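Below is one structure, written out as structure tokens, with a few remarks after it.
The values are calculated or read from the model by the stated rules, or taken from the named source; none is laboratory data. No experiment lies behind these values; they were computed from the predicted model shown. Here the Cβ positions follow ideal geometry from the backbone for every residue, glycine too, while neighbour counts run over all protein chains shown.
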Amino acid sequence: MGLNYFDQEGIVKSTSDQKYNVRLNVTSNPFDRLKVSTNINFTRQSTDEILFSNAANDFAGPINTAIQFDPSLPTGLNENGRYYMNPNIALDNPVALVEGITDEEVSSRFYGSLTADLEVLKNLTATVRLGAELKNGRTDFTEAG
């Protein structure tokens, strides 16, 4: 049996990756010539991602927009509760991309297999393998300001 936990903060504010993993391998010999094995693996992952700009400079991202954004403009929220935009270039506010938007992806994956090996004759083994994989996930996108 194995357990694994991974937690890493991203290099850009508000980004991270968390992963939990459980793995179980069991082998049994119920009879002299029969071996049965099972492998079970479950993983759950949660990722807070960077949202890329939806403006004309598609896929600019917060780092590129920070480089291109007019430094004389405020970066916070204006009196209407919206992030300031650059009137001279179609580029999202870099602070809005980092603090005003949540883009979280959560996924789960289950994999299991069952193997049966039967020694029919000396040096001749029949093997049957069954396996299944189930995956699901969701993306939560929230925009503020």
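Descriptive notes on the structure:
- Residue among 104, 119 that alone is assigned to a strand (DSSP E or B) and more than 30 Å from residue 26 (Cα to Cα): 104
- Scanning the range 76-118 for residues that are over 28 Å from the mean Cα position of the chain (by Cα) and either under 30 Å from residue 129 (Cβ atoms) or among the basic types (Lys, Arg) (or both) yields 82, 115, 116, 117, 118.
- Selection of the range 111-124 for residues being surrounded by 15 or more Cβ atoms within 10 Å (Cβ to Cβ) and either at pLDDT below 95 or closer than 30 Å to residue 140 by Cα (or both) yields 111, 112.
- Residue match in the range 106-117 (condition: without any contact (Cβ under 8 Å) to a residue 40 or more places away in the chain and hydrophobic (A, V, I, L, M, F, W, C)): no
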